[in-house]
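Data block below; observations after.
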Amino acid sequence: MKAGKLRHKLTIQNYTITNTYGTVTKTWATYATTWGSIEPLKGKEFFESAKENAELTHRIRIRYTAGITTKMRVIWNSKVFEIMAVIDKDEKDTEYELMCKEDQG
């Protein structure tokens with residue numbers, strides 16, 4: 001993986017759930033900060049419950065970082081990407097491909 005293609009500074013976050021006096025709170029915290037590339041794959045629009053929705057999918061490439069799961073998300077600028085799949089490129093623990101869905105909400 002060439003470093004020149006890794007031009008986006010990304011923050012990978014995981015969440016914790018706390019239960020305080022019966023109130024469940026989901027809090028996001030930084031797990032790692034890394035450089036990567038973001039490639040849009042496709043966009044689709046569809047109607048659901050009489051309103052228009054849009055879904056964008058992206059491939060995010062990063063260097064191997066241990067512990068990344070589909071329960072995490074990626075932040076770049078003001079965009080939030082939900083990790084749908086984590087692919088260990090070539091099964092060598094050198095590069096990850098994160099298949100993500102952009103959060104539109």
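The values are calculated or read from the model by the stated rules, or taken from the named source; none is laboratory data. Bear in mind the structure is a predicted one, so any value in this text is a computation, not a measurement. Cβ atoms come from the backbone with ideal geometry, glycine included; neighbour counts cover every protein chain shown.
Take the conditions (1) among the hydroxyl-bearing types (Ser, Thr, Tyr); (2) in contact (Cβ under 8 Å) with a residue 60 or more places away in the chain; (3) closer than 14 Å to SER37 by Cα; THR94 misses just one of them, which is (3). Has region 23-36 got any residue that is part of a loop (DSSP other than H, G, I, E, B) and at pLDDT 80 or above? Within region 23-36, none of the residues are part of a loop (DSSP other than H, G, I, E, B) and at pLDDT 80 or above.
Of the residues MET84, MET1, MET99, the single one that is at pLDDT below 85, among the hydrophobic types (A, V, I, L, M, F, W, C) and either surrounded by 12 or more Cβ atoms within 10 Å (Cβ to Cβ) or in a strand (DSSP E or B) (or both) is MET1. Looking only at residues of region 47-66 that are outside any strand (DSSP E or B) and surrounded by fewer than 10 Cβ atoms within 10 Å (Cβ to Cβ), we find that the one that is modelled with the highest pLDDT is ALA66.
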